[in-house]
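Just below is one structure, and these are the notes that go with it.
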Amino acid sequence: MEYTQEDYWTLLLIYAAHADLEVRSTEVEYIVKRFGNERFKKMNNFFKQHSDYEVIQWLKSHKDRFMSSDEDRNQMLQSVKAVFESDEEVDLLERNFLWMLRHVIEV
C-alpha cells in the first residue's frame, strides 16, 4: 500500500494521542478536522493492527520521505502540541513523548 505525507502525519498524531494511555475525544476531533475522517479511520486501523514497536519503526523508516525539511519537522511538533493541548491538559507522559519525538525527528 502506498502512503502519503498526510497518512504519515495522521499516524504520528494518532500515536501521540495515545502517549498518556487515554485518547480523548478532543484529540480525535483535532486529527479528524485536520486530515479527515476517512484518513483517520485508515491510519487508526493501521495503528491498531501493529504493535507499538512496529508503529515506531514504520514512522522512523518513513521519516526522511515525509518529514524531509526543518519546516516539516517544526510543523509536526506544533501539531503534536496542538493534539496534547486540545484537552487543555498536557501531562508528564505527553511532555516526555514530545521530548522523545524531538530526538527521533532530530529537531
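The values are calculated or read from the model by the stated rules, or taken from the named source; none is laboratory data. Quantities reported herein were computed from a predicted structural model and do not represent experimental measurements. Cβ coordinates were reconstructed from backbone atoms using ideal geometry, including for glycine residues, and neighbour counts include every protein chain displayed.
Is it the case that S79 is of a type in the set (S, T, Y), at pLDDT below 90 and surrounded by fewer than 17 Cβ atoms within 10 Å (Cβ to Cβ)?
no
Run down L92, L21 and say which single residue is aliphatic (A, V, I, L, M) and on the phi > 0 side of the Ramachandran plot.
L21
State which residue pairs qualify: first residue farther than 17 Å from I14 by Cβ and inside segment 75-99, second residue not polar (S, T, N, Q) and not in a helix (DSSP H, G or I) in any location, beta carbons under 8 Å apart, and separation of 6 or more residues or different chains.
Pairs that qualify, where the first residue is farther than 17 Å from I14 by Cβ and the partner is not polar (S, T, N, Q) and not in a helix (DSSP H, G or I), are D91/D20; N96/A19.
Restricting to segment 42-53, name every residue that is in a helix (DSSP H, G or I) and either polar (S, T, N, Q) or within 14 Å of Y3 (Cα to Cα) (or both).
Scanning segment 42-53 gives K42, M43, N44, N45, F46, F47, Q49.
If we keep just the residues of segment 1-33 that are of a type in the set (G, A, S) and within 12 Å of E94 (Cα to Cα), which is farthest from the chain's Cα centre (by Cα)?
A19
Tally time: how many residues in segment 1-55 are in contact (Cβ under 8 Å) with a residue 60 or more places away in the chain, within 19 Å of N96 (Cβ to Cβ) and either β-branched (V, I, T) or exposed (fewer than 13 other Cβ atoms within 10 Å of the Cβ) (or both)?
Within segment 1-55, residues that are in contact (Cβ under 8 Å) with a residue 60 or more places away in the chain, within 19 Å of N96 (Cβ to Cβ) and either β-branched (V, I, T) or exposed (fewer than 13 other Cβ atoms within 10 Å of the Cβ) (or both) number 1.
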